[in-house]
Amino acid sequence: MKLAIQINEGPYQHQASDSAYQFTRAALAKGHEIFRVFLYHDGVNNATRLAVPPQDDRNITQQWTQLQKEHELDLVVCIAAAQRRGLLDEDEAKRQGKDANNIAEGFRISGLGQLIEAGIEADRLVVFGD
Amino acid sequence: MSTLHTINKSPFDRNSLGSCLRVISDSDAILLIEDGIYAATSGTIFSDVVKAAVQSHSVYVLGPDLSARGMKEDGIVEGVNVVDYEGFVDLVTEYDKTNSWL
């Protein structure tokens with residue numbers, strides 16, 4: 001079955017990103033297709049490559065990047081939510097005249113239409129949040 | 001059209017379980033995840049609410065979230081089924097849609 005995931009909460013806040021990650025892994029292991037993972041609201045903070053969690057703690061962003069590599073996941077960051085929170089890729093940094101970008105490998109910034117498309121194309125949309 | 005309702009907050013924190021139970025349809029099920037698992041523990045003021053819910057609906061609780069909080073499977077309300085993440089995925093596919101009470 002084709003599944004889509006939405007994450008509304010940042011990393012290390014409660015548990016949404018961890019739950020979404022565990023769910024996504026379990027779904028892939030069972031042979032389901034993950035159509036897209038859409039990061040919305042504070043969920044966009046899961047995509048920063050500049051976070052440095054303690055070494056004995058899980059690195060949520062790296063976990064997603066790794067899973068993206070293994071399964072060619074489509075990890076999409078909502079552009080409006082990202083701009084508000086200072087999350088930029090190279091193109092956006094240039095367009096907004098900023099001196100740096102911070103998006104992690106495996107994530108891409110796009111619009112809300114990507115969530116609508118995921119809702120239409122996927123058989124199920126599962127939302128994780130606060 | 002059946003719906004899987006996920007509850008991720010403790011009933012001692014928010015009323016999402018109560019809100020869900022007010023509108024839930026006969027063919028729907030409930031899955032307690034994250035802090036929502038506290039609703040499934042026996043001996044609390046919410047135990048009777050969950051006891052009543054299992055009479056009319058399938059109620060599930062996510063095992064890994066129980067263990068993460070030091071809760072034992074034998075300390076949960078009778079009739080509540082424990083599932084792992086694989087079971088979570090199965091429930092999502094089994095029901096027509098998933099509604100997360102955030």
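Restricting region B:1-69 to trypsin sites (Lys or Arg not before Pro) that sit in a DSSP loop and have at most 14 other Cβ atoms within 10 Å of their own Cβ leaves B:Arg69.
Counting other C-beta atoms within 10 Å, and keeping those with at most 13, which DSSP coil GluC sites (Glu not before Pro) do you find in region B:29-102?
Counting only loop positions with at most 13 other Cβ atoms within 10 Å, the GluC sites (Glu not before Pro) in region B:29-102 are B:Glu78.
Beta-bridge orientation, chain B: approximately 5 percent antiparallel, per DSSP, counting only bridges with both partners inside. Helical content alone sets the calculated 222 nm signal of chain B at -9000 deg cm²/dmol, taking -39,500 (n - 2.57) per DSSP H segment of four or more residues and averaging over every residue. Inter-part distance, region A:25-46 to region B:40-88, computed on C-alpha centroids, equals 25 Å. What the phi angles of region B:5-12 give under the Karplus curve with 6.51, -1.76 and 1.60, with θ = phi - 60°, is a coupling list of 9, 9, 10, 10, 10, 4, x, 7 Hz, glycine and proline written as x. Taking the 0 to 90 degree range and rounding to the nearest ten, how far is the long axis of helix A:60-71 tilted relative to the main principal axis of chain A, both from C-alpha atoms? Roughly 60 degrees, rounded to the nearest 10.
Computed from protein heavy atoms with a 1.4 Å probe, the total accessible area buried between A and B is close to 1600 Å².
Secondary structure note: in region A:2-128, about 5% of the DSSP beta bridges are antiparallel. Neighbours of A:Ala29, meaning other residues whose beta-carbon lies under 14 angstrom from its beta-carbon, give a summed charge of -3 when Lys and Arg score +1 and Asp and Glu score -1. Between A:Gln114, A:Gln63, A:Gln96, the GNM of chain A built on Cα springs shorter than 10 angstrom shows A:Gln96 fluctuating the most. Derived scalar couplings between HN and Hα for region A:91-106 equal 5, 5, 4, 5, 5, 8, x, 9, 8, 7, 10, 9, 6, 7, 4, x Hz in order, rounded to whole Hz, by the Karplus curve 6.51 cos²θ - 1.76 cosθ + 1.60 (θ = phi - 60°), x for Gly and Pro.
Shape class of chain A from the Cα gyration tensor (axes a ≥ b ≥ c, square roots of the eigenvalues): oblate, since a/c reaches 1.5 or more and a/b does not exceed b/c. Couplings for region A:41-50, taken from phi via the Karplus curve 6.51 cos²θ - 1.76 cosθ + 1.60 with θ = phi - 60°, read 6, 5, x, 4, 5, 5, 9, 7, 8, 8 Hz in order; Gly and Pro are left as x. The share of accessible area on chain A that comes from carbon and sulfur is 44 percent, using a 1.4 angstrom probe. Summed over the residues of region A:2-128 and divided among them, the accessible surface reaches 49 Å² per residue at a probe radius of 1.4 Å.
Less than 5 angstrom separates the built amide H of A:Val126 from those of A:Ala4, A:Ile5, A:Gln6, all sequence-distant by 5 or more or on a different chain. With all projection directions averaged, the alpha carbon convex hull of the protein assembly as shown covers 13.1 nm². Looking at region A:37-108, the GluC sites (Glu not before Pro) that sit in a DSSP loop and have at most 16 other Cβ atoms within 10 Å of their own Cβ are A:Glu72, A:Glu105.
The values are calculated or read from the model by the stated rules, or taken from the named source; none is laboratory data. Because the structure is a prediction, the values reported are computed rather than measured. With ideal geometry, Cβ positions are generated from the backbone for all residues, glycine too; neighbour counts draw on all protein chains shown. Surface accessibility is based on the protein's heavy atoms, side chains included, excluding ligands, DNA and RNA. Shrake-Rupley method; radii C 1.70, N 1.55, O 1.52, S 1.80 Å.
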